[in-house]
1. Classify the stretch 202-297 as rounded, prolate or oblate from the Cα gyration tensor: take a ≥ b ≥ c as the square roots of its eigenvalues, call it rounded if a/c is under 1.5, otherwise prolate when a/b beats b/c and oblate if not.
2. Using a Förster radius of 41 Å, what is the FRET efficiency between Ala71 and Leu278 based on their Cβ-Cβ separation? Nearest 0.05, please.
3. Once Rh is set to the Kirkwood radius over Cα pairs, what Stokes-Einstein translational diffusion coefficient, in µm²/s, holds for the stretch 103-258 at a temperature of 25 °C and a viscosity of 0.890 mPa s?
4. Just the ratio, please: alpha-carbon radius of gyration of the stretch 208-256 over 2.2 N^0.38 Å, N its number of residues.
5. So which of Lys78/Lys250; Lys183/Lys245; Lys78/Lys129; Lys183/Lys268; Lys16/Lys267; Lys77/Lys174 end up more than 30 Å apart by C-alpha?
6. Sorted by average packing, counted as other Cβ atoms within 10 angstrom per residue and highest first, what order do 27-38, 141-152 take?
Amino acid sequence: MIINKTNLSIMNTGFKTAFRNAFSGVEQTYLRITTVIPSSTLIETYGWMKQTSGMREWIGERFVKNLDSEAYQLKNKKYEETVAVIRDAISDDQYGTYTPAIAMMGENAARLPEELIYQEALPGGFTSKCYDGQYFFDTDHPVVDAAGVEQSVSNMQAGSSAPWYLLCTNRSLKPFIYQDREKAELIIKDSPETSDDVFNRDEFRYGTRARGAAGYGFWQMAFGSKAVLDTANFDAAYLAMMQFKRDGGKPLGVVPNLLVCGPSNMKKADEILNLQRLSNGSDNPNYKKVETLVVPWLP
C-alpha cells in the first residue's frame with residue numbers, strides 16, 4: 001500500500017472500528033456493584049457522605065450537618081496502552097495483522113474499571129479507608145446510637161480463606177465508586193511527515209489513555225469476609241447487614257441482594273444459595289435469597 005494521507009485514513013478507520021467494537025463488546029459486570037460518578041478535576045471530595053444520616057421530623061429550624069474537615073477524597077490516576085505498527089507492514093499490505101492488537105486495546109480499555117474495582121477496591125477494602133476514616137471493611141465503624149453514645153459496628157469477618165462479599169446494590173449509591181475523569185479513546189500518531197516515531201523508528205504509534213479512580217461508597221452497603229464461605233457465616237453476614245442503623249439508632253433498612261466471590265468459592269456459593277434441598281432432604285432457607293456473581297479477577 002502506498003503510504004499517503006488517504007490510505008492511512010482508510011486504514012485508521014478500520015482500526016477505530018475494531019477498537020470501538022471490541023470496547024462495546026465487553027460485559028462490564030462491575031456496574032452491578034459500582035456507581036459511576038463523572039469527574040471534572042484531579043481530586044474529587046465526597047464530604048456529603050457523612051451528612052446522609054436520613055430524614056428527621058422537622059421541629060423548629062432545620063438541623064444542618066456540616067461538611068467534615070477530613071472528607072473522603074479520590075484522586076484520579078492516568079492509564080495508557082500503546083502499540084507500534086511497523087511501516088513495512090503497511091507498505092506490504094500486512095497491517096491487517098495488527099487489527100487484533102488494536103481490538104485488544106479496546107477490550108483492555110473497557111476492562112480498566114473492572115480491574116480497578118475487582119482487583120483493587122474489593123480486596124483493598126480491608127486495608128483502605130472510606131468516608132468515616134475506618135477501613136471500608138472493618139470491625140469498628142463509629143455509629144451513634146439513640147442515646148447519643150458512639151458504638152462500634154462491624155461489616156467484616158476475619159479469617160484466612162479466599163474473601164467473599166455480601167452487598168446491597170439497589171440503593172442510589174452502590175457500595176463502590178468508579179470516578180470517571182476521561183474515557184478511553186484511540187489515539188493515532190500517523191503522520192509520516194511530522195512524526196518522530198516514523199522518522200526515527202519507522203513505525204506508527206497507536207495508543208489509548210484514560211483517567212479515573214476506584215473507591216468506596218457507604219460501608220453499610222457491603223460486608224467483607226475472609227472466613228470460610230458456609231451457611232453459618234453467610235447467615236451472620238446477612239443478619240448483620242439487616243441490623244445496620246444510621247446515627248440516631250434508626251434502622252437503615254439494608255437488605256443484601258448480591259454475593260460476590262471468586263472461582264474458588266463458586267461451588268460453596270452454589271450450595272448455599274442455589275440448591276432447593278439440603279443434603280438431609282429439607283428445604284434450603286437460603287435458596288435464591290441473594291444473587292451470585294462469580295468474578296474471575298478474585299481468588
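1. On the way: a/c = 3.45, a/b = 1.48, b/c = 2.33.
Oblate is the answer for the stretch 202-297, as a/c is 1.5 or above yet b/c matches or exceeds a/b.
2. Values: r = 47 Å, r/R0 = 1.15.
Efficiency for this residue pair is about 0.30.
3. Numbers: Rh = 18.2 Å.
My calculation gives 135 µm²/s for D.
4. Working: Rg = 15.2 Å, N = 49, 2.2 N^0.38 = 9.7 Å.
Normalised Rg, Cα atoms only: 1.57.
5. Working: Lys78/Lys250 41 Å; Lys183/Lys245 37 Å; Lys78/Lys129 21 Å; Lys183/Lys268 37 Å; Lys16/Lys267 41 Å; Lys77/Lys174 21 Å.
In this structure, Lys78/Lys250; Lys183/Lys245; Lys183/Lys268; Lys16/Lys267 lie more than 30 Å apart at Cα.
6. Values: 27-38: 16.9, 141-152: 12.7.
Taking the mean over residues of other Cβ atoms within 10 Å, the ranking is 27-38, 141-152.
All of the numbers you see were taken from the coordinates with simple rules; none came from a lab. Quick caveat: nothing in here was measured; it's all calculated off a predicted structure. Note that each Cβ is placed from the backbone with ideal geometry, even for glycine, and that neighbours are counted across all protein chains shown.
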